[in-house]
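Structure first, commentary second.
All of the numbers you see were taken from the coordinates with simple rules; none came from a lab. Treat the numbers as computed from the prediction; the structure is a model and nothing was measured. In this analysis, Cβ positions are derived from the backbone assuming ideal geometry, glycine residues included, and neighbour counts consider all displayed protein chains.
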Amino acid sequence: MTTPEPDKASVAVSPATGGQGHQMDRRSMALLEFPLVRARLAAATGFAPGRRLAETLEPSTDPVIVARGLDETTQTRAFVAGHPGAGIGGSKDIGPWLERAARGGRLDAAHFIDIQSTLEAASRLAEALSSDRRPLLHDLAHEIHPLPGLRSVLGRSFDPTGDLLDTASPRLGGLRRAVRIAYDRLRTRLDQLVHSGELSGALQEPLVTLRSGRYVIPVRADSRARVKGIVHDASGSGQTLFVEPLVAVELGNAWREAQVAEQVEVERILDELSMLVAGQVQPLRETLDALARFDFWAAKARLAEEMDAIPAEIAARPEIVMLGARHPGLSGRVVPIDIRLGDGYTALLITGPNTGGKTVALRTLGLLNLMHQAGLHVPADAGTKLPVLLDIYADIGDEQSVAQSLSTFSGHLRSIVRIVESAGPNHLVLLDELGAGTDPTEGSALAQSLLDHFIKAGALVAATTHYAELKLYAHTTPQARNASVEFDVETLRPTYRLSIGLPGQSQAFAIAERLGLPAALVADARARLTDEQQAFEETLASIKTTELETAEALARARLAEERAKAALVVAEDERRKARRERDESVKAARDEAERLVDEVRGEVRTMRRHLDRETVTQRSLDEGLERAQAQLERLPATEPEPVRTASPTAIAWRTGMRARSISGGWEGRIAALEKGGRRATLEAGGIRVTVPTDDLEQAVGGEGETSAAGSRTGGRSTPRTDSGSPGAASRLQLDRARTVASSLDLRGAKVVEALEVLDRYLDDASLAGLDQVTIIHGLGTGALRDAVRDYAAGHPLVKSWRGGGRGEGGDGATVVAL
């Protein structure tokens, strides 16, 4: 009898932070395919220490540790996007070499090369991180010790191939020259000997070869007496003897002694360098650990980009809100699903036809929570909110076992017994085909009892089923809700969309008819349903139709409301723009008139000094000046903006407040304040724009989230140039240039939405007289980047575009010349 595998896994934090937490159910993690995600993460690392951290990643039950793990991913993801070339390239796993040196062992040349390469990589990474303002990365930079002294010594001692250089010690160069001189003398004497006439006929061949570390000549066995010397070897046939001539023995000894002296010095150098490394073992260990953690964080960032994932908000209580969630193991066109659990109900019953996506919904619910608690971004949409659960239990798949005499029902029940004993508050329970595998009446009764138990225990529970009794249970139990996966009867294909609030229908009769089962048989089957069952199915169909109609009406009403709000904002924006442009034109005209009057006054002062010599009288000059001043007084005065009674003093802007740019028309939530509060970053729909705070006014709604639909509230506007003075248009253009940002951040936006915003931004930038702007789109899958560049290539205001260079965001940005 085999011992079952332990069901618990030690929960570390993000391996980068260390620490222990509550143990989570290992069997459930395997059923939810968390090890596959972990394997993908390990494959994204760059060297063995980082890969080991990825392979040992476990979800945490500590909210502080989860928050730090998410911050690691978020900050590194932003850093990598801005520094595409930064990384741990060239780093080696020098841990074993450090341990050998610490124990007093001698390191080989290859080990020193690995240490030198790792220190060079550490130096490059530390330089890139030290200038970054993100706190985790900035702190990590202080844990990297480039050790320039050790690096310099190793650089003087070894060439790139790992050979010791003559400069490794003062004696090594001289000893190597002695070896070369002794060798040259030995070879010269032997070459003279084999080519001289005294040994003609005694040699098999006139050559010099090496045997047992000594240089010898091949002598015919029958001529051995003619060559005095030491025999070191013989050929396989015995016809040739390899003899070291006596005349070359002393020269050979001198060469060998020089080699030994060189080897002794080499070993002394290696010992000395090994001791030098041993003295720096602690900072070297810390550096290797820091490199491993950055490699691990960068792998998390790359995995997030690959999955188009987002950091989920940490819920303060056991409440799950998944928006646009996608299972990371699916490929091709994936239909996102929305799942809500814990707000008003703690049990969710998912019904619908087979292969409709019920089990995938369960796996997505569990796996994304595990990823979240492991500090990974999850493939979902913004607004997703996930708790930090104490444990997740799953019973998914067929548990039958011939070896253990378990049926499907027994296998499921054995797993459920274990879950019943453990589940409680702040736990998530996932049950696939609850109550299946036995008599339907008894199975549904047992399923209802289990659901009641989990609800009373305070756990969150999601289950799939085909039982009509469980649909009714969820409909009548306040703490439970029905949900269904949709099915297209016309195409006989599932849509994979999840709808919460209504139970699903098995569609057995409809599918049978579509597949050609005789209508009489289908009708007979329908007739065998009880009146209650038929009424229940008809009620479900009626409720679903009503719900669809209500949803469509609500969508139309919301659309109309949004259009009305947009029209109101556009009208207000146009009114403000018209007033501002009128005031700017009048001010420009007044400035021009004042300049002319100043010139007249200057001429008058000059002419007064020459009154005695000129025919012009002072009275005529005074009259001319008065006429010019009277003409200036007739110019229209600038109408001041009405005083905003709602804000008599300057607004103290804070992050999270909603604001609108007066000049640019951008509206959104303040995501960040920079330069001492003088500039603010507005965020809406995943798009960010930076504007001066003195150009902001408080938007309707005050503080809080802005709608994803609101990004730019104003339409296009052409600046007026008929101001009455040549300088008015240039002044207007200068004022625009002060308020139009030189960059546009489109990261996180959908392609269609991003191109609409890009079009308006290029218009504003061109009107502002900007020569060049930067469009930040990130790397991701490349779809947004390609769309931006295709659009820029065909835009009439764009002269040219290019990818971002070093320090400009690399391929995650596009620089556009207007």
Fill in the blank from the handout: Expected vector for the stretch 294-311, Karplus 3J(HN,Hα) from phi with 6.51, -1.76, 1.60 and θ = phi - 60°, integer Hz, x for Gly and Pro, equals 5, 4, 5, 4, 5, 5, 4, 5, 5, 5, 5, 5, 4, 8, 6, 9, 10, x
Practice task
Using the Cα centre as the reference, give the magnitude of the dipole from point charges on the C-beta atoms of the stretch 89-196 (Lys, Arg: +1; Asp, Glu: -1; all else neutral), rounded to the nearest 20 debye.
Solution key: 600
Fill in the blank from the handout: Calc'd 3J(HN,Hα), the stretch 129-145, phi into Karplus 6.51 cos²θ - 1.76 cosθ + 1.60 (θ = phi - 60°), Hz, glycine/Pro = x, comes to 6, 5, 8, 8, 8, 5, x, 5, 6, 5, 5, 4, 4, 6, 8, 9, 10
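Which order do peptides 329-338, 388-397, 150-159, 61-70 fall in by mean Cβ count within 10 Å, highest first? Display every interim value, and only then the final one.
Details: 329-338: 13.5, 388-397: 22.3, 150-159: 16.6, 61-70: 19.4.
Listed from highest to lowest mean packing, they are 388-397, 61-70, 150-159, 329-338.
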Handout entry: Charge dipole (debye, nearest 20) of the stretch 200-313; +1 at Cβ of Lys and Arg, -1 at Cβ of Asp and Glu
Key = 980
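Once you list every other residue whose beta carbon is under 12 Å from the beta carbon of L330, what net charge do they have if Lys and Arg are +1 and Asp and Glu are -1? Show your work: numbers first, answer last.
On the way: positive: R326, R333, R363; negative: E33.
My count for the surroundings of L330 gives +2.
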Completion exercise
Summing +1 per Lys or Arg and -1 per Asp or Glu among the other residues with Cβ less than 11 Å from R785's Cβ gives -1
Practice task
Any chance you could list the semi-axes, whole Å, largest first, of the equivalent ellipsoid that the Cα gyration tensor gives for the stretch 281-346, using √(5λ)?
Solution key: 35, 19, 7
Completion exercise
Once amide hydrogens are built 1.01 Å from N within the peptide plane, the residues lying 5 or more places from Q772 or on another chain with amide H under 5 Å from its amide H are L818
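Under 13 Å from the Cβ of Y183, count the other residues' Cβ atoms, weight Lys and Arg +1, Asp and Glu -1, and hand me the total. Could the numbers behind the result be given before it?
Details: positive: R176, R177, R180, R185, R187, R189, R214, R256; negative: D184, D191, E257, E262.
It works out to a net charge of +4.
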Exercise for the section: Please give, to one decimal in nm, the separation of the simple spin-label points placed at L559 and L36, each 7 Å out from Cα toward the Cβ. Expected result: 3.8
Problem - Furthest towards positive pole of dipole, V216, L241, S274, structure part the stretch 213-274, Cβ charges - result: L241
